[in-house]
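One structure below.
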Amino acid sequence: MDAASASPYSLLFEALSSVPPSHYFLLALLTLLVFLYNFLEIHFFSDLFYTGFRGDAVSLTYHSSSNLYHSVAARCRLLHGRYLSTPWISSPHLQTAFLSFFGRAPDITYKRHLFCTPDGGTIALDWLTDSDVVEGVTHMNDTTLNCDKTPIVVVIPGLTSDSSAAYIKHLAFKIVRQGWRVVVCNHRGLGGISITSDCFYNAGWTEDLRTVIDQIHSQYPEAPLFSVGTSIGSNILVKYLGEDGVNTPIVGAAAVCCPWDLLICDRFINRRPVQKFYDRVLTVGLQGYAQLHQSIMSRLADWEGIKTSRSVRDFDNHATRVLGKFETVDSYYRHSSCASFVRNVSVPLLCISALDDPVCTREAIPWDECRANENIILATTRHGGHLAFYEGISATSLWWVRAVDGFFTALLSSPFVNNGKKVQGSTLPVPTESSIDQGPYVNFAEDGMVTAIGMVTAIGMVAADNVVEDKSNKPVAHGNKDNDTNLETERSERLIEKTPHRIELTQPSLPIVSNQENDTNLETERSDRLIEKTPHRNELTQPSLPNVDVLIVPIRRCVDQLSRQNKISIWLLALIAITTTWPLVGSALGLFLQRKFKSFIPSALLRR
């Protein structure tokens, strides 16, 4: 066949068949490498060409007038440096997988203490001291430990993790090498301990952490208490700090790879194929946890649904939601997320997150809330994965572990920690409440005028500054009803003492009488006593006139001005409406009039 008359496709096929098979293999391999490079989000060439393997600078988010930053974080050189991930695992997915399968954690041995909760549950507390990792150090007895001022770090592991996890061992080993003590607070049912009650842990369950911290503080009252939460454990920690405010004995904390908003993370983990892989891995881990406690789980939750779960959301729907008594999965996520508690954190808190975290997305980070709280330092890195942050050629250390250790060391020698004081007082500023919650009282006058009563209310209360207490100083209610009643009585007494010109509305308790005559006499006696204590009865309903005039006059002026502007605006809108709709309305009106008055209009005019 002649080359000119041959089909171009035949010529192309002959040319391709003449290419050696090895070249096709190399092309397929190159295509696969490019796909994996993008799919696994490898940033090796980015580190090589853009930063020259110097790493990316750590970004710090904090309040502009934060004393914590100027006195503590400013001394942490690691937070002001750069982070470079290990080059041969320069990918968030490779780092996370390497941490899970290899870890390279130091070999340590804990001392276990079983702690029983008030509801009958059992928590494994794994202790590690410098004597456990340093040879030749003698053990101290309990009497010495009770008076010891050695700092203690309480560690809360992540979802389905315990003290045996590689990242927990890295942290514990680093902390105790500084002479401190570490106690890992394992979640219920983890660490080789069976469930001994009908209560399970979840992402928003803070009662176990609160009970453990209070117990450790009572056992070692002189020791400064620190806490580190990882992944779901950091969500529990931040939520606990926000719930208790300044009433926690914790003097410093760190939250590493916090999910912040569980609802956003749930949407994120089901978005892309690689994230769905993590979702499936976490689900298998949760199902394994449920399998360990099948005897109790099958009785309290939907066991068939647990076994057939294909995602974390499915598991939470069949197990976590039911055990936690939540109506829906979304309500569980919203109630358990710590993002809404960030503004109430009142102790120094370092938050570390990687922007390429494949599990806890950057979209959930509450940037503005962290920036508004003077007690929070948010450190974000461009790379790091989930709880990995491997650094160095050998990948034997975790960057976030060194950062937490440096932050706690600087915090211990700062004014924020004073002999393990329980509440930081004036040294640590308390987050201010929202101005929405401190709005003035509103009074509706007889003439319809709305006035803001900021000084005196209708019952003679004093200024709101003397009555409204700072909500951040209120303890979380965990006691019985009698304690709540005593607290309300004490507040009432303080309110009466602060109101010398207020009419006494509360009378001392009188004996109960059964007949109607005694009731009448009792009411008469109360009225007489009330009149005697009220020399100026007009104060009961009328506030002081100068204050009212000062408030009413500017408000009335503003209302009159708004009324005039509204009248002009209404006429202007009416004119615009008529002008713009007249062509359509005029035509319709003409047709209507023609049909309506056709018999009254001469036919000659209609023809025109």
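Where a number appears in this text, it was derived from the coordinates with a stated rule and is not lab data. This is a predicted model, so every value here is computed, not measured. Here the Cβ is made from the backbone with ideal geometry for all residues, glycine too, and neighbour counts use every protein chain on show.
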Over segment 197-322, what is the relative contact order in percent, taking alpha-carbon pairs closer than 8 angstrom and at least six residues apart? 19
For PHE277 and ASP368 in one chain, what is 0.36 nm times their gap in residues minus the Cα-Cα distance, to one decimal in nm? 29.7 nm
Rounded, prolate or oblate: which fits segment 1-114, taking a ≥ b ≥ c as square roots of the Cα gyration tensor eigenvalues, rounded meaning a/c under 1.5, else prolate when a/b beats b/c? prolate
Which shape class applies to segment 72-229: rounded if a/c is under 1.5, otherwise prolate when a/b exceeds b/c and oblate if not, where a ≥ b ≥ c are the square roots of the Cα gyration tensor eigenvalues? oblate
Of LYS149/LYS174; LYS111/LYS307; LYS111/LYS325; LYS149/LYS169; LYS111/LYS174; LYS149/LYS239, which pairs sit farther than 25 Å apart, going by alpha carbon to alpha carbon? LYS111/LYS307; LYS111/LYS325; LYS149/LYS239
Rounded, prolate or oblate for segment 214-305? Axes are the square roots of the Cα gyration tensor eigenvalues, ordered a ≥ b ≥ c, and the cut-off for rounded is a/c under 1.5. oblate
Rounded to whole Å, give me the distance from the Cα center of segment 234-295 to that of segment 162-223. 15
Quick check on packing: order 100-108, 213-221, 85-93 by the mean number of other C-beta atoms within 10 Å, highest mean leading. 85-93, 213-221, 100-108
Highest mean first, how do 359-370, 26-37 rank when packing is the count of other Cβ atoms within 10 Å averaged over residues? 359-370, 26-37
